[in-house]
Amino acid sequence: MPPNLTGYYRFVSQENMDNYLRALDINAVLRKLVCLLKPDKEIIHTGDHMVIRTITSLRDYVMDFDLGVQFEEDLGPVDGRKCQTTVSWEGDQLVCEQLGEKRNRGWRHWLEGDQLHL
């Protein structure tokens, strides 16, 4: 059974973020901005429904979705894209797949102890 990720997670550190964003073809200005932000995460996980709020000093970003159900995600505030997104479990990892104009996009969240990793 996958873990319940409900909680508030404070930013601790990031490693290799610029190279990660470069591999995703994010422009240099946006990469520098993202690397300066120290985002916290608030997750509400109720059954097959989740709300993930990414909280930064610049702006918040909210994902509200049902697990395993594709939805249109508007990433305009982040990098100008719209895509079809599906979030589901692979073992103990929450996996997001984004389909759209750019291939191989998405992310993973998982817990190690009380730390949320992305």
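For the residues V62, V87, the requirement of being of a type in the set (V, I, T), farther than 12 Å from L5 by Cα and touching a Ser or Thr at 6+ places or on another chain (Cβ under 9 Å) singles out V62. Residue pairs whose Cβ atoms lie under 6 Å apart, sitting 6 or more positions apart in sequence or on different chains, and linking a residue in region 56-77 that is more than 20 Å from I26 (Cα to Cα) to a partner that is of a type in the set (V, I, T) and open to solvent by 30 Å² or more (accessible area, probe 1.4 Å), are D64/V51; Q70/T86. Of everything in region 9-43 that is among the acidic types (D, E) and in a strand (DSSP E or B), the residue that is least open to solvent (accessible area, probe 1.4 Å) is D40.
The values are calculated or read from the model by the stated rules, or taken from the named source; none is laboratory data. These numbers were taken from a predicted model, which means no experiment stands behind them. Here Cβ is always computed from backbone atoms with ideal geometry, including for glycine, and neighbour counts include all displayed protein chains. Accessible surface is based on the protein model in full, side chains and every heavy atom, while ligands, DNA and RNA are left aside. Shrake-Rupley method; radii C 1.70, N 1.55, O 1.52, S 1.80 Å.
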